[in-house]
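Have a look at the structure below before the remarks.
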Amino acid sequence: MFASLGTWQWHRRAWKLDLIERVNSRIHAPPSPAPARAQWPAVNAETDEYRHVSLTGTYRFDKDTLVQAVTDLGGGYWVLTPLRTADGSEVLINRGFVPPGWRESVPAAPAGEVTVTGLLRMPEPAGGFLRKNVPSENLWYSRDVLAIAAARGLAGADVAPYFVDADARPGANAGANAIPGDAEALTGKAQSQDRDYPVGGLTVVQFPNNHMSYLLTWYALAIMSAVAGGFVIRLEMRKRPD
């Protein structure tokens with residue numbers, strides 16, 4: 001049984017390494033058009049999350065939503081703003097991070113039509129860690145697209161089933177999105193406090209990969225069990241009369 005578990009972890013490790021490689025290629029690829037309305041039913045985490053996408057539309061700043069966040073810049077909020085595209089679709093854009101002091105005065109982006117690039121992300125309907133969203137009190141701990149859309153009076157059929165983490169604006173003090181090796185990355189690490197808020201490009205890409213240690217543990221237990229079993233059999237054979 002232990003050997004079977006070790007083999008299973010070996011296959012899981014291969015799957016995880018492949019996933020990391022695929023996501024890495026998506027993040028660093030040139031932006032491609034975000035899924036349009038006709039493609040929404042097929043959007044899913046396995047094939048689409050962390051795709052580098054672009055879309056054009058007009059921000060609706062009167063429907064901003066602040067979602068609590070902990071980032072490499074400290075605690076504060078993500079600023080989610082609907083972007084209305086030419087066909088009437090609404091896509092929630094995470095414009096970036098603002099510290100607590102900016103809660104009542106979130107900066108707006110340029111008015112009029114804009115083109116946004118960023119990483120496609122799937123909704124977070126379960127709430128934050130040990131905390132549920134409370135739309136009635138405008139308290140948000142996760143980026144639940146449908147709940148935010150409903151709270152802001154957006155027509156559900158017009159709202160994309162994903163949101164986009166905007167890239168850092170050109171010249172802003174934030175790094176580009178990245179994913180190193182096999183573990184986690186806090187992208188856009190800051191070195192200066194003089195910032196142009198909201199700060200984009202802070203997507204957390206996290207893929208714990210402990211499968212090697214797990215498989216070594218299971219195989220070690222398999223070997224130990226085999227040795228112990230052999231020892232017991234040897235003792236039993238010695239007890240038998242000649």
At 0.36 nm per residue, and after removing the present C-alpha to C-alpha distance, how many nm does the segment from A151 to E113 gain when stretched out fully? 11.2 nm
Student exercise, the range 40-103 dipole from Lys, Arg, Asp, Glu Cβ charges, in Debye to nearest 20: 280 debye
Report the accessible area of H28, computed with a 1.4 Å probe over the heavy atoms of all protein chains in place, in Å² rounded to the nearest 10. 110 Å²
Once W40, W140 are ranked on solvent-accessible area with the largest value leading and a 1.4 Å probe, the list reads W40, W140
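So between D72 and A42, what do we pick up on full extension, going 0.36 nm a residue minus the alpha carbon distance? Could you put the intermediate results ahead of the total?
Details: separation 30, 0.36 × 30 = 10.80 nm, distance 3.29 nm.
Once the chain is fully extended between D72 and A42, it gains 7.5 nm.
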For the modelled label position 7 Å from the Cα of A29 along Cα-to-Cβ, which residues of the range 114-135 have backbone nitrogen atoms closer than 19 Å? 116-123
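The values are calculated or read from the model by the stated rules, or taken from the named source; none is laboratory data. What you are looking at is a predicted structure, and each value in this text was computed from that prediction instead of being measured. Neighbour counts run over all protein chains shown; Cβ positions are idealised from the backbone, glycine included. When the accessible area is computed, the model is the full protein with side chains, heavy atoms only, and any ligands, DNA or RNA have been set aside. Shrake-Rupley method; radii C 1.70, N 1.55, O 1.52, S 1.80 Å.
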